[in-house]
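Just so it is clear, none of the values below were taken in a lab; they were calculated from the coordinates. Here the structure is a predicted model, which means the values were calculated and not measured. All Cβ positions, even for glycine, are placed from backbone atoms using ideal geometry, and neighbour counts span all protein chains on display.
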Amino acid sequence: MSEKLLEVNDLTTSFKIKGEYYPAVDHVSFSIKPNEVLALVGESGSGKSATAFSLMGLHTKARITGEVQFRDKELTALGTGRMNKIRGGDMAMIFQDPMTALNPLMKIKQQITETLKLHGKKSKDERESYAVELLDRVGIPRPERVAEAFPHELSGGMRQRVVIAIAIANRPKLLIADEPTTALDVTIQAQILDLIRELQDDLGSGVLLITHDLGVVAEMADRVAVMYAGQIVEIAPVRELFKNPKHPYTRSLLNSLPSEDMLGSRLHVIEGVVPPLDKMDRTGCRFAPRIPWVPASAHEDNPELREISDDHFVRCTCYRDFHLNNEGDAPASADAAMETGTGGRA
Ligand SMILES: Nc1ncnc2c1ncn2[C@@H]1O[C@H](COP(=O)(O)OP(=O)(O)OP(=O)(O)O)[C@@H](O)[C@H]1O
């Protein structure tokens, strides 16, 4: 097998809005190696989930182009039947909300054995005892009892452990985790992340970890891809990204992280939101409207991801002209920056 487990090239996923297709994922390319955790970060609406769902073949109504090579199979060319075999087998997903991922009317045991059955694993008795083993493996106390429970009888953290048990049931080579801890409280979050890390180590799986939480990224990721308005704007090994962020969007995200020396001070992020798909200007640098104090000449007309140092890629040259102001913050608003004439520069 080649060193790459997953290779995504020019993936474009477009949704139909009022009769027209608009890309939510726009020529996205990245790869994941076995045993590697790639974090995909970005604000709400940047296209993270659409990327994940496209990989899993779950966007049946969208128009999808590009290549998704998974263990030397081209997934975009596979029919539903073969895709169903891969989904939940070699490629599994942990969803954000365990309550919607689980069937409320089925006992936990049944939900796990169904996955095992779909992938032709073991006899009925073996499947049932393996289901209990899996519950134990994901740290569920009294797994025999939990196996007989319905989802609503469990806490949020326990439900997410069940979702993870289902995801790892067939020892996937690739695990896609879409905001796996967002719905949980902080102490449970840490336990679930530890669990995912441990299982990933154990299985040697690659992981695509989708999150908007940079604390989670710092703890879990080997590499990080930053997504804005359907495009990856920066991708780098985790240490490099935290130590040497380039793209203004990445720097804005990192600037929104609280740190000890910022206690009591106000956090600043660049104002604005990701525009809706049908209102998005797709020419030039998509982040330009949110940093109007950076001169137009600093942006490229057709920004591409470019390798600026080993394994560190950035889109658009605007990062060279982007500076934080004296307080180390981006201006609280573009208008303020224009008025003060600081241009957001140091
Ligand atoms: N089925 C759909 N039909 C139409 N538009 C969609 C559909 N799914 C997502 N979108 C749009 O695609 C864009 C990207 O959405 P996506 O859910 O991938 O963002 P995200 O980065 O995962 O955000 P979040 O963190 O809120 O989940 C958004 O503008 C969203 O409204």
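Below are the figures for this structure:
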| quantity | calculated |
| --- | --- |
| Candidates S44, S155, S14, ranked by Gaussian network fluctuation over the chain, Cα under 10 Å, top entry | S155 |
| Table column - 3J(HN,Hα) (Hz), segment 38-45, Karplus curve with 6.51, -1.76, 1.60, x for Gly and Pro | 9, 8, 10, 10, x, 5, 4, x |
| Residue with peak Gaussian network fluctuation, the chain [Cα springs, cutoff 10 Å], from P34, P292, P98 | P292 |
| Cut-off 14 Å between beta-carbons: net charge of the residues surrounding K16, Lys and Arg +1, Asp and Glu -1 | +1 |
| Amide H within-cut-off set for V224, under 5 Å, with H built and near neighbours excluded | A39, A236, V238 |
| Folded to 0 to 90 degrees: helix 186-203 orientation relative to the chain principal axis, Cα | 70 degrees |
| HN-Hα J in Hz across segment 25-30 - Karplus 6.51, -1.76, 1.60, θ = phi - 60°, x for Gly and Pro | 10, 10, 6, 8, 10, 6 |
| Estimated dipole of the chain in Debye, rounded to 20 [Cβ of Lys and Arg +1, of Asp and Glu -1, Cα centre] | 1180 debye |
| Relative exposure of I64, I192, judged by other C-beta atoms within 10 Å (fewest first) | I64, I192 |
| Gap separating the Cα centres of segment 173-250 and segment 27-106, nearest whole Å | 15 Å |
| Cα Rg, Dmax (largest Cα-Cα span) when computed across the chain, Å | 21.6, 73 |
| Ratio Rg/Rh [Cα only; Rh per Kirkwood] for segment 118-260 | 1.05 |
